[in-house]
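Asker: To start, I am sharing the structure in question, which I have written as C-alpha cells.
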Amino acid sequence: MRHFFSNKRLIVLLISIIVLVAMIGFSLKERDTLSRPEQFLKDSVAVVQSVFYKPAQAVAGFFENIYELKHLYEENKVLKARLDEYAKLSVDYQEMKKEYDELKSLMGTKESLMEYSTIPASVIARSPDQWNDQLTLDKGSKDGIEVNMAVITGEGLIGKIKTVQPFSSTVQLISDLNRTNRISVYVQGDEDVFGVIDGFDAEKQALLFHNIPVDIKVEEEGLVVTSGYGGVFPKNLIVGEIVEVEQDEYGLTQSALLKPAADLYNVKHVLVVKRTADLIDTNEEEEE
C-alpha cells in the first residue's frame, strides 16, 4: 500500500512537470490572442500595478524633490559664499586702487617740492568727536618731525604739526575752528590778492578767507596758495579755490568761501614738509 502511494505521488509530480512545460511552451509560442487564464492574470497584475503606481510615483517624486531642494540649498550656499568673496575682493580692489592713486599723487607732489625736505607718514588715529580738528601720524621726533611743520596730501595742504612725540605726532587740520588756526594765503592771478584763512564753515565744508581788500576784484575758481609770510607754512602750497565772494557788513573788506583742494574727510597718507629756511639753517650748521 505504501508503495502504491509513493508511486502515485511520483506520477502526479511527473504530470505536473509535463503540464508546466506544456504551458511554458504554449506561452512562448507566438500568438495573436492570449488564453483566458493569461488574460485574467495580466489584468489582475495591471490592476494591482495601477493601484500602487501613482502612490509610488508620488513618494518617489517627494523624495526626489527633497534631494533637489537639498542640492539647490548647497549650491546656493556656494554661490552666496562666492558672491560675498567677490564683494570683498571688489572692496579690497577699490581700497587698494584708491591708496595707489593717493600714493602716486604724493610721489608727484614730492617731486614738485624738491626744494623742501619732506617726510612721508600715514594716519594711524582720528577721533570721531574731533574729526575736523586733528589726526595722528605714525612719525615723530625720531623721524625728524617738528612742531609747526606743514602737512600735505597729493591734492594740497591739510594742516600743520601741533604736538610731537618720539614715535607719533598730532596734526591740526586747517578745518579746526580754533581761533589761533590762521593761514596766510594769496590768490594767484595777474594781481596777487593776499588774505588770511581763519575759520571753517562746517555746513558748507568751506574755509573762510578774510581780509581781502574791497577794491580788488576776486573771481571765483581762483587758486589759493600759502604766501609763506605767516612764519609757519612754506610758500605756494595749494590750499584750495574760491567758490563764493562777498563784502563784509561794513563794506570795508571782502570775504570768500574757499573749497579745500585736499579731501580733509578721508586722509590716509601725507607728506610732512620742512621749510626752506630750516634747510638753509641746517646747511649753515654743517658748513660751520
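The values are calculated or read from the model by the stated rules, or taken from the named source; none is laboratory data. Since we're looking at a predicted model, the values are computed, not measured. A quick note on method: Cβ atoms are made from the backbone with ideal geometry, for glycine too, and the neighbour counts reach across all protein chains shown. Note: areas computed on protein heavy atoms with side chains; ligands, DNA, RNA excluded. Shrake-Rupley method; radii C 1.70, N 1.55, O 1.52, S 1.80 Å.
Asker: Name the long-range amide H neighbours of residue 269: under 5 Å, sequence gap of 5 or more, or other chain; modelled H, no Pro or chain starts.
Answerer: Close amide H contacts, sequence-distant or interchain: 123.
Asker: What relative contact order, as a whole-number percentage, does region 123-261 give when Cα pairs under 8 Å and 6 or more residues apart are counted? Please report the intermediate quantities before stating the final value.
Answerer: Numbers: 340 pairs, mean separation 26.0, N = 139.
With pairs under 8 Å counted, the relative contact order is 19 percent.
Asker: Using a 1.4 angstrom probe, figure out how much accessible area region 175-279 has per residue, in square angstrom, rounded to the nearest whole. Show your work: numbers first, answer last.
Answerer: Values: 5590 Å² over 105 residues.
Ligands and nucleic acids excluded, the result is 53 Å² per residue.
Asker: Could you tally the net charge around residue 185, taking each other residue with its Cβ under 14 Å from the Cβ of residue 185, Lys/Arg +1 and Asp/Glu -1?
Answerer: Result for the neighbourhood of residue 185: +1.
Asker: Now for a separate question. Per the Kirkwood treatment, what hydrodynamic radius in Å, one decimal, follows for region 192-244 from the mean inverse distance over all distinct Cα pairs?
Answerer: Numbers: mean 1/r = 0.0837 Å⁻¹.
This gives a value of 11.9 Å.
Asker: On to the next question. Quote to one decimal, in nm, the extra length available between residue 127 and residue 243 on full extension: 0.36 nm per residue of separation minus the C-alpha distance between them.
Answerer: Extra length available between residue 127 and residue 243 comes to 38.9 nm.
Asker: Count charges around residue 208 for me, please; just the other residues with Cβ under 9 Å from its Cβ, Lys/Arg as +1, Asp/Glu as -1.
Answerer: Details: positive: none; negative: 198, 201.
Here the count lands on -2.
Asker: Over the Cα atoms of region 141-288, how large are the radius of gyration and the largest Cα-Cα distance (Dmax), in Å?
Answerer: Rg and Dmax of region 141-288, Cα atoms, are 16.3, 55 Å.
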